[in-house]
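These notes are about the structure you will find just below.
The values are calculated or read from the model by the stated rules, or taken from the named source; none is laboratory data. Computed from a prediction, not measured in an experiment: that's the story for all the values here. As a convention, Cβ positions derive from the backbone with ideal geometry for all residues, glycine included, and neighbour counts pool all protein chains shown. Ligands, DNA and RNA are stripped out before the accessible areas are found, and what is left, the full protein with its side chains, is counted by its heavy atoms. Shrake-Rupley method; radii C 1.70, N 1.55, O 1.52, S 1.80 Å.
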Amino acid sequence: MKHLLKLSDWSAQEITDLLDMADQLKYEKKNNIPHKHLEGKSLGMIFEKSSTRTRVSFEVGMYELGGNALFLSSNDLQIGRGEPVEDTARVLSRYLDGIMIRTFEQKEVEDLAKYGSIPIINGLTDYCHPCQVLADLMTIREHKGTFKNLKMCFIGDGNNMSNSLMVGAIKMGMEFAIACPETHKPDAELMTWAAENGTFTCTDSVKEAAKDADILVTDVWASMGQEGEANERKQIFAGYQINSELMAVAKSDAMVLHCLPAHRGEEITAEVFEAHADEIFDEAENRLHAQKAVLVTLMKD
Ligand code: CP
Ligand code: NVA
């Protein structure tokens with residue numbers, strides 16, 4: 001049984017195949033070519049955190065593939081009242097053909113896969129955000145034509161996004177540099193893996209990370225679940241911002257990505273955001289196509 005629990009579980013070839021399918025599905029949608037690969041299939045979508053893009057892209061994606069999606073808020077599920085994941089997994093496996101879950105702990109996603117008998121898709125945990133990064137890779141290839149000889153830099157928190165971007169970039173053969181405070185580095189094991197498998201730098205200097213970069217990426221300073229630390233984080237991350245001064249050290253044709261939602265004036269200036277809005281909203285659109293490719297890859301008979 002194939003799952004999407006984290007990007008590090010997938011090979012470079014599997015990621016490439018998925019991106020090729022996402023391109024094909026995008027082409028088919030734009031040209032009104034039917035692609036109902038999941039007729040009669042149902043996806044459960046468990047949300048323990050808020051979402052705009054993930055919810056809508058998976059729900060519309062299932063509809064466009066001929067299937068059905070159920071929005072399952074943890075406020076309403078018995079899981080929110082303490083029903084064990086191992087029981088929830090076994091029950092939902094009897095009704096559904098796949099589950100997408102957004103939650104806090106990576107272990108909950110891994111446990112759903114362990115106890116259930118249907119494909120599980122990670123729609124974001126505190127550890128990683130593989131679905132977003134598949135859309136990011138799709139957008140980079142669309143705009144740059146290749147991953148060869150590209151440098152991606154991430155500015156900000158060593159969080160779920162930077163963990164997945166690091167894995168995705170290195171697997172696709174890109175150089176990856178992150179600028180973050182010493183106290184907020186990405187996952188240590190993933191950094192070791194990145195250093196052993198590609199060109200990887202972790203620095204506290206934004207200019208060093210962004211130097212000659214082809215792709216600059218950032219994310220919020222306080223992620224979902226860290227709202228109570230927001231003020232403290234504003235102090236810690238001050239300076240970890242994509243602005244025009246930083247863009248000046250990157251390549252002149254560098255692109256900017258942001259998974260959204262964005263906080264203008266914090267991790268990115270309004271000026272840079274608007275100058276790169278085409279890339280950022282292509283990235284948001286590509287969530288739909290990439291997520292459809294994930295659904296077909298995991299759920300098609
Ligand atoms: N980028 C992303 O995952 O957005 P949502 O939180 O709106 O799903
Ligand atoms: N790091 C952010 C990503 C949101 C899509 C969060 O976890 O809130």
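Observations on the model:
- Residue match in the range 141-149 (condition: open to solvent by less than 10 Å² (accessible area, probe 1.4 Å) and either out of contact with any Ser or Thr (no Cβ under 9 Å at 6 or more places or on another chain) or assigned to a strand (DSSP E or B) (or both)): no
- Residue in the range 223-239 that is touching a residue at least 60 places away in the same chain (Cβ under 8 Å), in a loop (DSSP other than H, G, I, E, B) and open to solvent by less than 50 Å² (accessible area, probe 1.4 Å) present: yes
- Filter pass, K292 being more than 16 Å from ligand 2 (Cβ to nearest atom), out of contact with any Ser or Thr (no Cβ under 6 Å at 6 or more places or on another chain) and open to solvent by 60 Å² or more (accessible area, probe 1.4 Å): no
- The range 70-107, residues that are in contact (Cβ under 8 Å) with a residue 60 or more places away in the chain and not polar (S, T, N, Q): D97, G98, F104
- If you filter the range 260-274 down to residues that are out of contact with any strand residue (DSSP E or B) (no Cβ under 8 Å at 6 or more places or on another chain) and without any contact (Cβ under 8 Å) to a residue 40 or more places away in the chain, you find that the one that is farthest from I242 (Cα to Cα) is E274.
- Residue check for V272: surrounded by 13 or more Cβ atoms within 10 Å (Cβ to Cβ), farther than 26 Å from H184 by Cβ and more than 16 Å from ligand 1 (Cβ to nearest atom): no
- Among (1) away from ligand 1 (no atom under 12 Å from the Cβ); (2) in a loop (DSSP other than H, G, I, E, B); (3) buried (at least 24 other Cβ atoms within 10 Å of the Cβ) - the single one T125 does not satisfy: (1)
- Selection status of E59, among the acidic types (D, E) and either free of Cβ contacts under 8 Å to residues at least 60 places away in the same chain or closer than 19 Å to L7 by Cβ (or both): yes
- Checked against (1) more than 22 Å from the chain's Cα centre (by Cα); (2) surrounded by 14 or more Cβ atoms within 10 Å (Cβ to Cβ), L112 passes all but a single condition, namely (1).
- Listed by position, the strands (runs of 3 or more DSSP E) contained in the range 156-222 that have at least 3 residues being in contact (Cβ under 8 Å) with a residue 40 or more places away in the chain, of a type in the set (D, E, K, R) and touching a helix residue (DSSP H, G or I) at 6+ places or on another chain (Cβ under 6 Å) form an empty set.
To keep it simple, each residue is scored yes or no on (1) under 15 Å from F154 (Cα atoms); (2) among the hydrophobic types (A, V, I, L, M, F, W, C).
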| site | (1), (2) |
| --- | --- |
| S252 | no, no |
| C259 | yes, yes |
| G265 | no, no |
| E271 | no, no |
| A275 | no, yes |
| E279 | no, no |
| D282 | no, no |
| R287 | no, no |
| K292 | no, no |
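- Test for D136: is it assigned to a loop (DSSP other than H, G, I, E, B) and acidic (D, E): no
- Conditions (1) over 23 Å from L18 (Cα atoms); (2) touching a strand residue (DSSP E or B) at 6+ places or on another chain (Cβ under 7 Å): number failed by L257: (1)
- Hits in the range 54-79 - residues which are of a type in the set (D, E, K, R) and at pLDDT 95 or above: R55, E59, E64
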